[in-house]
1. Would you grab the residues whose amide H sits under 5 Å from the one on Phe60? Only those 5+ places off in sequence or on another chain, please, with H modelled 1.01 Å from N.
2. Testing the spin-label approximation: label points 7 Å from Cα along Cα→Cβ at Asp173 and Lys34. State their distance in nm.
3. At 0.36 nm per residue, and after removing the present C-alpha to C-alpha distance, how many nm does the segment from Tyr52 to Ile189 gain when stretched out fully?
4. Could you tally the net charge around Glu136, taking each other residue with its Cβ under 13 Å from the Cβ of Glu136, Lys/Arg +1 and Asp/Glu -1?
5. Once the range 132-194 is represented by equal point scatterers at the alpha-carbon sites, with solvent omitted, what log10 I(q)/I(0) does the Debye formula produce at q = 0.15 Å⁻¹?
6. Can you give me the accessible area per residue for the range 78-148, using a 1.4 Å probe, in Å²?
7. Which translational diffusion coefficient, to the nearest whole µm²/s, is obtained for the range 36-124 from the Stokes-Einstein equation, given a Kirkwood hydrodynamic radius over C-alpha pairs, 20 °C and 1.002 mPa s?
8. With label points built 7 Å along Cα→Cβ from the Cα atoms of Tyr135 and Tyr66, find their separation and express it in nm.
Amino acid sequence: MSPFLSFSYFSLPRTNNFKKVDLNEIGTKFERKKQEIYLSVNFPFCVDICDYCEKKAYPFKPRNVYRYLTRLSKQINSFTEVSNSFKVKDIIITGGSPSVLDEKDIYVIIEAINSVFDVKGQVFLDANVSDLFNYEKVEALYSAGVDYINIKTPTMSKRELETLGRYDYYPEDLTRAINNLKDAGFNEIILTTM
């Protein structure tokens, strides 16, 4: 099993002050030989903060996204000197709700990683059902380099979704989201219930 290297490198307290944690010490553990790793990028923002979710997330605001992407790119670039020690098997973009990003932002993340690391695998992206209703957005995610979509939903019961306060989609909307993914070219679709 390959180890994970995570770029969940800062916490964003409610005051919106970023705290950077140095991950360079992680790179030194693998300098002896080229280590195959999975690279996980945590996008810690959501449009709605759900009480039932175990993930730490913050309200989605464009200024926070810009700051996050700027710092993420810097953190990725800080691995330039040790990146030849790694071969990235897959990139996993998780969250929060990374599917709220537009395709340009997803492309920026993927290209920043590709510019520093030897990437041999595929790109996985966590998505909310409601973020997949727009076919043009789904097609743009595919064009940006995303290979797999992991659709995340707390339940497939309409009553339970309403109890949880999720009115942005219903179980029957999952079919529309999956059809959009297939039509856009996605061959691998994962469904995860939380």
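1. Here the answer is Cys46, Val47, since their amide H atoms fall under 5 Å of that of Phe60.
2. 4.4 nm
3. Values: separation 137, 0.36 × 137 = 49.32 nm, distance 2.39 nm.
Result for the pair: 46.9 nm of gain on full extension.
4. On the way: positive: Lys137; negative: Asp102, Glu103, Asp131, Glu139, Asp183.
Charge balance near Glu136 sits at -4.
5. For the range 132-194 at q = 0.15 Å⁻¹, log10 I(q)/I(0) is -0.47.
6. I get 39 Å² per residue for the range 78-148.
7. For the chosen part, D equals 156 µm²/s.
8. Using points 7 Å along Cα→Cβ, the separation is 3.3 nm.
The values are calculated or read from the model by the stated rules, or taken from the named source; none is laboratory data. In this text, all values refer to a predicted model and were calculated from it rather than measured experimentally. All Cβ positions, even for glycine, are placed from backbone atoms using ideal geometry, and neighbour counts span all protein chains on display. When the accessible area is computed, the model is the full protein with side chains, heavy atoms only, and any ligands, DNA or RNA have been set aside. Shrake-Rupley method; radii C 1.70, N 1.55, O 1.52, S 1.80 Å.
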